[in-house]
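**Q** Structure below; questions to follow.
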Amino acid sequence: MTIARKYQSGRHPILIGDWRDSETGATIEVRNPSNDDVIAHVANASVADALAAVDAAAAAAPAWAATSPRQRAEILRKCFELMIAEERELARLISLENGKAYSDALGEVRYAAEFFRWYSEETPRIIGEMSLAPSGQNHILVSYEPVGIAVLVTPWNFPAAMATRKMAPALAAGCTCVLKPATETPLTALAVAEIMLKAGVPKGAINVIVTSRSGKSVGAMLHDPRVRTVSFTGSTEVGRILLREAADQVLTTSMELGGNAPFLVCHDANLNAALDGAMVAKMRNGGEACTAANRFYVARNLYEDFTQGLARRMSGLKVGDGIDEDTQLGPMVNAEAVLKIDELVRDAVARGARVVTGGRRLNRPGHFYAPTVLADVPEDAAILKNEIFGPVAPIVPFDDEAHAMKLANDTEFGLISYLYTEDLKRGLRLSGQMQSGMVALNRGLASDPAAPFGGSKASGLGREGSTEGIKEYLETKYIAVSL
Ligand SMILES: O=CCCCC(=O)O
């Protein structure tokens, strides 16, 4: 892996305008979750490094904002092309530092690259408007300007896609930015940044700060008056902290936070389609996704067949080192992740849930948990209330659709809901009742760079992707004109 080798070879640069050594000389160990080996060391940026990154973003801002939409579009298009050209290398890098199965990683690289393509197409379509005021006395001219420097904070579970989902619209809008990736997966962010520089993104327009002092560094950046927006993907707990920090400077915020997605299988669902969808909704990224189906509510007439069918599919998965191309489920990201999953499973079983398959850690090096199906999970089990972030499917039977909907909505989160029914009228009615920003109707996957991704309630604020995503990086300017 070129990039991993680069960081093993002794230099530990961070991207602040140009590649440079961190002020502190301290490094962060990056480990392979498949065997816990240290695969690289990267610079551990200080708070001063973070502020230097804001300096670099500020220095690059006027020239970047002055580029024509067409110039920005062509650079973003090039980012897409180079990323696809390097998809296999990038996918291997993601598997290596995150642990996810290579096929998932390759899917992520393609998904990530699409944000560059989508926003290359959106860049020339930042269109304002002019109208005559109702009084007829003046015109109302509305245009959109880059909001200012963007601080982008991304998680370890989609280290490429969450970075491009933020950087592409920020750059498209004419903003410069500082990216702070998760310490577990910095190599992917650095590799994507290298590709972007190669594609023509000017120095300083993107900066990457890898740091174990996340709170202090991000806090310092959010209090720098040149920063005008923060976009975060991660837990609701951290999101709340960032919202408080952002309040001091009245920053705009985009928050993609936790989920607790229900997966509802109605009595008239197509069983095989629901099982196919369940596998995608649950097992994409090994279950380590905010969008992962977290709770399955299945109509009584399909309950036993669905449970057995899901258990068969789950137990048939090939578990192994993420980087092996035939692996279907890799390790979890770290030991804490496995511990949390195990605690949730134990709690459910202690309350009466039935283990249909799995239900245990795997006894091998690395951080593996067996693909697990739990049936008859009682309503008070912690697993139905907390994000599992792992390969565990808790199933609850229902007799009354209205009660199932009540259970589905009985959560502080509202990111995504999944729904299976053969009756489109029922599907649309129930979709309307689902308290979530997104609904996947007869589908196990809703994420799409061309669609607005985001949640309601404690799952977040704002939308990413689609035509809406670029608005997070634009300020509306109204000019009242007398012509
Ligand atoms: O954990 C959530 C990251 C978002 C995944 C997606 O875009 O589907």
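The values are calculated or read from the model by the stated rules, or taken from the named source; none is laboratory data. Treat the numbers as computed from the prediction; the structure is a model and nothing was measured. Note that each Cβ is placed from the backbone with ideal geometry, even for glycine, and that neighbours are counted across all protein chains shown.
**Q** Looking for something part of a strand (DSSP E or B), in contact (Cβ under 8 Å) with a residue 12 or more places away in the chain and closer than 30 Å to Met405 by Cβ - is there at least one such residue anywhere in region 244-255?
**A** yes
**Q** Oh, and also: Quick one: count up the residues across region 352-364 that are more than 20 Å from Asn32 (Cα to Cα), over 29 Å from the mean Cα position of the chain (by Cα) and surrounded by fewer than 15 Cβ atoms within 10 Å (Cβ to Cβ).
**A** 2
**Q** OK, next. Taking strands (runs of 3 or more DSSP E) that do not extend beyond region 315-433, which have at least 3 residues that are touching a Phe, Trp or Tyr at 6+ places or on another chain (Cβ under 7 Å)?
**A** It comes to 392-398.
**Q** Let me ask something additional. For region 365-376, state whether one or more residues are crowded, with 17+ Cβ neighbours inside 10 Å, farther than 28 Å from Ala337 by Cα and more than 15 Å from the ligand (Cβ to nearest atom).
**A** So far as region 365-376 goes, no, none of its residues is crowded, with 17+ Cβ neighbours inside 10 Å, farther than 28 Å from Ala337 by Cα and more than 15 Å from the ligand (Cβ to nearest atom).
**Q** Of Ala189, Ala163, Ala133, Ala173, which residue is assigned by the TED database to the domain that holds Leu82, more than 16 Å from Leu15 (Cα to Cα) and crowded, with 24+ Cβ neighbours inside 10 Å?
**A** Ala173
**Q** Looking for something away from the ligand (no atom under 16 Å from the Cβ), out of contact with any Lys or Arg (no Cβ under 9 Å at 6 or more places or on another chain), within 19 Å of Ile28 (Cα to Cα) and small (Gly, Ala, Ser) - is there at least one such residue anywhere in region 178-195?
**A** So far as region 178-195 goes, yes, one or more of its residues are away from the ligand (no atom under 16 Å from the Cβ), out of contact with any Lys or Arg (no Cβ under 9 Å at 6 or more places or on another chain), within 19 Å of Ile28 (Cα to Cα) and small (Gly, Ala, Ser).
**Q** Can you name every residue in region 448-471 that is under 21 Å from Gly277 (Cα atoms) and crowded, with 18+ Cβ neighbours inside 10 Å?
**A** Across region 448-471, the qualifying residues are Pro449, Phe453, Gly454, Gly455.
**Q** Moving on. Within region 412-431, how many residues are surrounded by fewer than 23 Cβ atoms within 10 Å (Cβ to Cβ) and among the hydroxyl-bearing types (Ser, Thr, Tyr)?
**A** Here the count works out to 1.
**Q** Please state which of the following conditions Leu152 fails to meet, knowing it meets all the rest: (1) crowded, with 24+ Cβ neighbours inside 10 Å; (2) more than 15 Å from the ligand (Cβ to nearest atom); (3) within 19 Å of Pro202 (Cβ to Cβ).
**A** It fails just one condition, (2).
**Q** Given the options Ala393, Ala348, Ala311, name the one that is surrounded by fewer than 23 Cβ atoms within 10 Å (Cβ to Cβ), at pLDDT 95 or above and of a type in the set (A, V, I, L, M, F, W, C).
**A** From the options Ala393, Ala348, Ala311, the qualifying one is Ala311.
**Q** Taking the condition farther than 30 Å from Ala480 by Cα, touching a Lys or Arg at 6+ places or on another chain (Cβ under 9 Å) and surrounded by fewer than 22 Cβ atoms within 10 Å (Cβ to Cβ), does Val109 pass?
**A** no
**Q** Go through region 158-191 and report how many residues are touching a strand residue (DSSP E or B) at 6+ places or on another chain (Cβ under 9 Å) and over 30 Å from Ile479 (Cβ atoms).
**A** Result for region 158-191: 16.
**Q** Please find, among Leu430, Leu419, Leu407, the residue that is over 28 Å from Ala337 (Cα atoms) and either outside the structural domain of Tyr119 (by the TED database) or within 16 Å of the ligand (Cβ to nearest atom) (or both).
**A** Leu430
**Q** A follow-up question, please. Does any residue of region 238-252 turn out to be within 12 Å of the ligand (Cβ to nearest atom) and either at pLDDT 95 or above or surrounded by fewer than 24 Cβ atoms within 10 Å (Cβ to Cβ) (or both)?
**A** No, region 238-252 has no match at all.
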